[in-house]
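Just below is one structure, and these are the notes that go with it.
The values are calculated or read from the model by the stated rules, or taken from the named source; none is laboratory data. Note that the structure is predicted; figures quoted are calculated from it, not measured. Quick reminder, even Gly has a Cβ in these numbers, built from the backbone with ideal geometry, and neighbours come from all protein chains shown. Areas reflect the complete protein model, heavy atoms only, side chains present, ligands, DNA and RNA absent. Shrake-Rupley method; radii C 1.70, N 1.55, O 1.52, S 1.80 Å.
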Amino acid sequence: MKLSNKFYLLMCVSLVVLMSQTLRAQTSIKFYGSDGGGITDSLLLVVHPSGHNDATPDSIDPATKESSQGLPPPPQGIDLRVIPNFGWDGLPNYTSIHKLNFDTQTDVWKVQFQRDAAQSGMTFTWQSGLAGVGLGYWRIVGDENDADAGVAALNIDMTTQTALNVPLPDADAHVFYIRKGDGAKMRTFTPDDVADAVDSKGKKTKAEKRKAYNSEGCFTFIYSGPDTAGPTTALLYVEFSQAAVNDVPLSSGGLSASSAGVPGKKAKWNFDLATANDTLHNGDPVQICYRGNKGKALVVKKWSLLGLKQPTPPLPDLGPVPARLLLKMPNVNNIGEECYVQIVWPETYNAKPAGIVIGTQEQSGLTLGGKPRFKFVYHPKWKDVTKTFADKTGKHSGAANCLENFQSTKPIEKAQKALPPGKMSNVLVSEALALAFNIGASDADKTETPGFGDMVYVNQLGDPAGLPAGSTLRQIDAKMDSIMSCLPTDWGGTYLEWWTVLNRINAAFSGAFDTLSFGDGFGPKPAATRATGVKAIADVDFLYRTSTVASPAIGNPLDLRALEAVPEKYELAQNYPNPFNPATTIEFSLTAESFVTLKVYNLLGQEVATLAENEQFDEGTNEVVFDASKMASGVYYYRMIVNNGDFQEVKKMLLMK
């Protein structure tokens, strides 16, 4: 150890075992501390494949162990040592003591350091390339109990930088932690994430169409002519098949761009050298990247060089960024609709697809009339899922409960096709539905890292007392079926406690929506919607994977033709259910985006409700809900008019109360 008469530093590194990780091969990195005066010492941080050694409290072999062995620190100098610390099991730990022995657990080293009064801070350094070490998660995080706010707030990704300067206002001991763990990113959706998702037109419950709105590409032109310097005029002229978005090419290969076209329609461009410092030599390539304002393939129609028309326009460059059509950002409804097309939830009800089922189809007792009673909700279509999450009354906000009574206090006695808040406002319904959806979406490989359902939940303070330690999310989801159907379970717990558990899980990896795939190429080549991960698993202390190997993806192959199919004709469907009480759904199909008027009439031909008044709807299948709770029983008619008369049709329905 190097010594200094001016500087005293004690760094003690001891294991704080939250969870521990065993790797297939020993992992170690060098971690350095410096006083700023050229005095440096290092510590070897080790994760050992053998897990732990019961004979001694450290998991590293004698050749790599640096331990104070209980001796006091030296009176002077920089000293990085592994100092014993009592961990979660009450035993003295040195470093990386693995008690559970699987690949994806987390190691946490506690680093204590202290500067000499003559110095102003500390510098810590480490090796580069940590993203490829272990599972790619190395982070320095502050200790919230540290007196220095700057140290307490530390949150440093060690995989993206290799040094950290820590200014210190005093000569007291300070603490931060080095966390190493599972860097894989997961993605979850809360009930609000689904209920509030909108498409590019701001409409809720709508998936984004795979319909290109712009195109872009790069084109390389070879300059053939005398060496020339700017400024020039009419050096290179290019006419594109589309006007430039915002009237500006993306880039012009160092040339200045100008167009005399009408704003919004500028497709003909001149590219010139702007100054005497700008030059071109015979044979020089000039790349022009361009974004067109149409959703079809971008091409160069014609071009000329030095006023001479050239015979063959260049094709789009193949790389490094190939030509492509641009799509709007999809949303969670795209994932939901694709999961339904792929039959990710294969359960049936009355021999028909049931989709996501909340509760169990087992009998839940008897009605007052002695008939079998059933308390579960099924969702045969993705639109039924969105109905359960929110309706015109809002989102679920009522007390957590099982499927006992409707909002009207009338008992639930039979299966419900969706359960919107207006019928029963119950926050546990929306969280149970979100958990089932999150597991299914992960199983279908719709998120960056699969295997969400097989993650293990770490019990937290206030959880149901009967929740078994080490339960997987899939096991919790299965148990929720019995809980939601008001059946007795051996896990116990109040409904509020279960809501807390599900709310915590569903929010664990929630965040802004982005995608790994949706569509690309000149097709655009269709691809399944896959959402990016939001947060590393190691950042969530109550969930972890026991293996990096996920089960094979479930669900049928995605048939985007069926999902994106456009109806061949306008059609108004029969309402369902029919007869109904008090609400029914009216579905209609449009061959293109259209303006729709939909009204309800009584037997006398009097208008009693307007469901849509010249309102714009997307191409494809649409639906609206008619609530007749304030109307008398009887026969009613509903009429749809499309685009002020392009199509109209009338159908009959029966309200029975």
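Here are a few things to note about the model shown:
- Segment 556-580 - residue that is open to solvent by less than 40 Å² (accessible area, probe 1.4 Å) and more than 20 Å from Q342 (Cα to Cα) and, of those, farthest from the chain's Cα centre (by Cα): F580
- Taking first residues from segment 535-561 that are farther than 21 Å from G181 by Cα and partners that are open to solvent by 70 Å² or more (accessible area, probe 1.4 Å) and assigned to a loop (DSSP other than H, G, I, E, B), the Cβ contacts under 8 Å between residues at least 6 apart in sequence or on separate chains come to G555/I343; N556/I343.
- Any hit, segment 567-579, residues being part of a strand (DSSP E or B) and closer than 27 Å to P421 by Cβ: yes
- When residues of segment 231-268 are limited to those that are of a type in the set (D, E, K, R) and without any contact (Cβ under 8 Å) to a residue 24 or more places away in the chain, the one surrounded by the most Cβ atoms within 10 Å (Cβ to Cβ): K266
- Residue list for segment 192-205, restricted to those being closer than 15 Å to Q616 by Cβ and crowded, with 22+ Cβ neighbours inside 10 Å: none
- Hits in segment 322-340 (condition: assigned to a loop (DSSP other than H, G, I, E, B) and crowded, with 20+ Cβ neighbours inside 10 Å): A323, L327, P330, N331
- Of all residues in segment 514-535 being over 17 Å from I439 (Cα atoms) and either of a type in the set (S, T, N, Q) or at pLDDT 95 or above (or both), the one that is surrounded by the fewest Cβ atoms within 10 Å (Cβ to Cβ): D514
- A553 satisfies every condition listed in (1) part of a strand (DSSP E or B); (2) within 30 Å of T447 (Cα to Cα); (3) open to solvent by 20 Å² or more (accessible area, probe 1.4 Å) except (1).
- The set of residues in segment 482-513 that are farther than 24 Å from V549 by Cα, aliphatic (A, V, I, L, M) and open to solvent by less than 40 Å² (accessible area, probe 1.4 Å) comprises I483, M484, V501, L502.
- Filter pass, T546 being open to solvent by 50 Å² or more (accessible area, probe 1.4 Å), farther than 30 Å from D317 by Cβ, at pLDDT below 95 and more than 17 Å from the chain's Cα centre (by Cα): yes
- Subset tally (residues that are open to solvent by less than 20 Å² (accessible area, probe 1.4 Å), small (G, A, S) and either in a loop (DSSP other than H, G, I, E, B) or at pLDDT below 95 (or both)) for segment 447-481: 2
- Filtered residues of segment 372-389 (kept if in contact with a strand residue (DSSP E or B) (Cβ under 6 Å, 6 or more places away or on another chain), of a type in the set (F, W, Y) and open to solvent by 10 Å² or more (accessible area, probe 1.4 Å)): Y378
- Of the strands (runs of 3 or more DSSP E) lying entirely inside segment 232-321, the ones with 3 or more residues being under 41 Å from the mean Cα position of the chain (by Cα) and closer than 19 Å to E216 by Cβ are found at 285-292.
- Any pair with Cβ under 7 angstrom, 6 or more apart, that starts in segment 503-516 at a residue that is in contact (Cβ under 8 Å) with a residue 24 or more places away in the chain and under 11 Å from D192 (Cα atoms) and ends at one that is of a type in the set (A, V, I, L, M, F, W, C) and in a helix (DSSP H, G or I): N506/A434; N506/L435
- If you filter segment 581-609 down to residues that are surrounded by fewer than 18 Cβ atoms within 10 Å (Cβ to Cβ) and within 24 Å of L419 (Cα to Cα), you find that the one that is nearest to the chain's Cα centre (by Cα) is E587.
- Scope segment 141-160; condition open to solvent by less than 40 Å² (accessible area, probe 1.4 Å), in contact (Cβ under 8 Å) with a residue 24 or more places away in the chain and over 13 Å from A538 (Cβ atoms); matching residues: G142, D143, D146, D148, V151
- Condition check for N282: more than 30 Å from T529 (Cα to Cα), touching a Phe, Trp or Tyr at 6+ places or on another chain (Cβ under 8 Å) and surrounded by 15 or more Cβ atoms within 10 Å (Cβ to Cβ): no
- Answer from A147, A207, A171 - the residue that is touching a helix residue (DSSP H, G or I) at 6+ places or on another chain (Cβ under 9 Å), of a type in the set (A, V, I, L, M) and either part of a strand (DSSP E or B) or farther than 30 Å from G253 by Cβ (or both): A207
- Considering residues of segment 397-445 that are within 24 Å of the chain's Cα centre (by Cα) and of a type in the set (D, E) only, the residue least open to solvent (accessible area, probe 1.4 Å): E431
- Restricting attention to segment 347-371, the residues that are open to solvent by 70 Å² or more (accessible area, probe 1.4 Å) and part of a strand (DSSP E or B) add up to 4.
- Taken together, the residues in segment 158-192 that are β-branched (V, I, T) and within 15 Å of L130 (Cβ to Cβ) amount to 4.
- Counted residues, segment 104-132 - those being over 30 Å from T449 (Cα atoms) and outside any strand (DSSP E or B): 7
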